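Below is one structure, written out as structure tokens, with a few remarks after it.
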Amino acid sequence: MKTIESPAEMQRFAETARLKGERIALVPTMGYLHEGHLSLMHEGRRRATLLVSSLFVNPTQFGPQEDLQTYPRDMERDCRQMESVPVDVLFAPDAAAMYPAGAQTWVEVTELTQGLCGQFRPGHFRGVTTVVAKLINIVKPHIALFGAKDYQQLCAVQQMVRDLNFDVEIVAMPTVRESDGLAMSSRNSYLAPAERAVALSLSRALEAARTALARGERDPHALAQTARAELDRESGLAVEYVEVRDATTLAHIRSVDAPAVLAIAARAGRTRLIDNTVLEPGIETRSEK
Ligand code: AMP
């Protein structure tokens, strides 16, 4: 695996690769890799001839009270995991290279980022879309892969690509879970054993709502309430939101007649957890018959 730290060198490398006819896949990450990240890399490997993964703990997507300083890092282990895929190029810039003094341009998706996590993490999605726009300009990928685990992030990136005519295909990949249902996340490493047990209520809550949908419930508030009731059984969990929104626009809906997303954010101790599921009324109705 080749490691590139300089954005200018990465651009030159990508341009040369494109001229040779390579098809480039990009998997952006903040490192501390797990099977969720690796599933994106394996799919990128399958769909492209040159697989680039970036490792950059992006300071602009962290709020002042958030965990930028303590975000888990293990570069050596990450490199071994990437080599096992194998990833061809690791792009690992430092913050000064990505945000030189005087940088003042932001990319912001204005509406879709208002509610859900946007409400609890002001500025977060502006940091995400800005760094993803920069990574796309630097790595020049034909496709870029993102996990549905970060559902609002995925929607914001898709919206940005549409709105700004980025010449890249965004590939969405399903959430990879531990065998007991916990969505994999680098931040799970923060969880003490008791907090991890509490965290399992998120996937249980999603399952409860899916069951209610299968029984015919179409009221978004009732579905959210069903999930909420499951979360409320855990005293160690501080729920930020439980909401059902349109699966593409993230707009509020009156009824689940088209694909909707049930999204949850909650804290177990100091660890912020998110999870979601797409509720597909058509498919559920068909499977009932
Ligand atoms: P991160 O390193 O947390 O910024 O994540 C990098 C990419 O991996 C993002 O596109 C995430 O959505 C994706 N990702 C994180 N966790 C998972 C998971 N459990 N399953 C699938 N994709 C994931």
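The values are calculated or read from the model by the stated rules, or taken from the named source; none is laboratory data. Because the structure is predicted, anything quoted here is derived from the model rather than measured. Cβ sites come from the backbone with ideal geometry, for glycine too, and all protein chains shown count toward neighbours. The area values use the complete protein model at the heavy-atom level, side chains included, leaving out ligands, DNA and RNA. Shrake-Rupley method; radii C 1.70, N 1.55, O 1.52, S 1.80 Å.
Of the numbered conditions (1) closer than 18 Å to Gly31 by Cα; (2) surrounded by 13 or more Cβ atoms within 10 Å (Cβ to Cβ), Gln69 satisfies every one except a single condition; which is it?
(2)
Yes/no per residue for (1) within 14 Å of the ligand (Cβ to nearest atom); (2) open to solvent by 30 Å² or more (accessible area, probe 1.4 Å); (3) more than 16 Å from the chain's Cα centre (by Cα); (4) polar (S, T, N, Q):
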site	(1), (2), (3), (4)
Glu108	no, yes, yes, no
Cys117	yes, no, no, no
Val128	yes, no, no, no
Lys140	no, yes, yes, no
Tyr151	yes, yes, no, no
Ala156	yes, no, no, no
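Within the stretch 175-188, restricting attention to residues that are free of Cβ contacts under 8 Å to residues at least 40 places away in the same chain and open to solvent by 40 Å² or more (accessible area, probe 1.4 Å), which residue is farthest from Tyr241 (Cα to Cα)?
Only one residue fits best here, namely Ser179.
Among the listed residues Thr29, Thr16, Thr3, identify the single one that is on the phi < 0 side of the Ramachandran plot, at pLDDT 95 or above and within 16 Å of the ligand (Cβ to nearest atom).
Values: Thr16 fails: within 16 Å of the ligand (Cβ to nearest atom); Thr3 fails: within 16 Å of the ligand (Cβ to nearest atom).
Criteria check complete, one pass: Thr29.
One residue is enough: does the stretch 196-207 have a residue meeting the conditions open to solvent by 20 Å² or more (accessible area, probe 1.4 Å), modelled with pLDDT of 95 or more, under 25 Å from Met75 (Cα atoms) and within 16 Å of the ligand (Cβ to nearest atom)?
yes
What's the total number of residues in the stretch 73-92 that are assigned to a loop (DSSP other than H, G, I, E, B) and open to solvent by less than 10 Å² (accessible area, probe 1.4 Å)?
1
Could you check the stretch 226-242 and list, in sequence order, the residues that are assigned to a strand (DSSP E or B) and either open to solvent by 50 Å² or more (accessible area, probe 1.4 Å) or in contact with a His (Cβ under 6 Å, 6 or more places away or on another chain) (or both)?
Answer for the stretch 226-242, where residues must be assigned to a strand (DSSP E or B) and either open to solvent by 50 Å² or more (accessible area, probe 1.4 Å) or in contact with a His (Cβ under 6 Å, 6 or more places away or on another chain) (or both): just Ala238.
From the list Ala103, Ala8, Ala96, pick out the single residue that is in a loop (DSSP other than H, G, I, E, B), over 17 Å from Gln153 (Cβ atoms) and more than 22 Å from the chain's Cα centre (by Cα).
Just a single option satisfies the conditions, and that option is Ala103.
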